[in-house]
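Written below as structure tokens is the structure these notes are about.
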Amino acid sequence: MVRAMPAHPSSRPYSALEPFRERFAEGLPVLCYHKLGPLPPDVKMPSLYVSSELFAWQMRQLRDEGFASASLDEWRASAHEGRRIVITFDDGSRTLMRHALPVLAECGFRAIVYLVAGAIGGVNHWDVAAFGEVPDALMSDVDVREWLAAGHEIGAHTVTHCRLTRVPLGQAREEILARLSRELPQAVDRYTPDGRLPG
């Protein structure tokens, strides 16, 4: 359901705190989500969805256990004494506006969403093209502003969601920097690629 971080050969989806207590005590856990809410009919990748009920339960459990969210700046500075987590969302699904924002506010958590710059206000065309996936609406410019106004962060997830290891180095750099620096300058230094940058 949710990919539990830090990465480890024995990683398995995160559903509740209890099986991960020891791992959460070892460092700064990073939780990575994609889409929230009910599964659409004919969905091809159900593992990218977490129900709104489960997400709310997970956030409330972490809050009740004394966890606080850490920003990426705090993570970089290693200023995460105490029980901290980083909450992230890949791709920028609009489902976050309905199902994540209220729960994050209730729990006092901040999160970061990694946006595909060329698809803001569009759909997950990369999954539609590659897997015949059901189109999922992505956050619009207005949604991004609302997300930031709520105290959350944004990061860069390329311009087209390409596999960076499968394109020439010059194109990879363009995907990371050129358009993002114009459209999402605050996201460039918070870049999470879909694959490693070659070279």
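Bear in mind that the values in this text are calculations on the coordinates, not laboratory data. Being a predicted model, the structure only gives us computed values, none of them experimental. As a convention, Cβ positions derive from the backbone with ideal geometry for all residues, glycine included, and neighbour counts pool all protein chains shown.
How big is the Cα convex hull of segment 10-168 in projection, averaged over all directions, in nm²?
10.4 nm²
Taking amide H atoms as placed 1.01 Å from N in the peptide plane, list the residues 5 or more away in sequence, or in a different chain, whose amide H sits under 5 Å from that of residue 153.
Sorted by chain and number, the residues that satisfy this are 111, 112, 113.
Please compute the net charge surrounding residue 44, taking Lys and Arg as +1 and Asp and Glu as -1 over other residues with Cβ under 12 Å from its Cβ. Could you put the intermediate results ahead of the total?
Values: positive: none; negative: 42, 127, 133, 136.
So the surrounding residues net to -4.
If amide H atoms are built 1.01 Å from N in the plane of the peptide, which residues on other chains or at least 5 residues away come under 5 Å of the amide H of residue 86?
30, 31, 70
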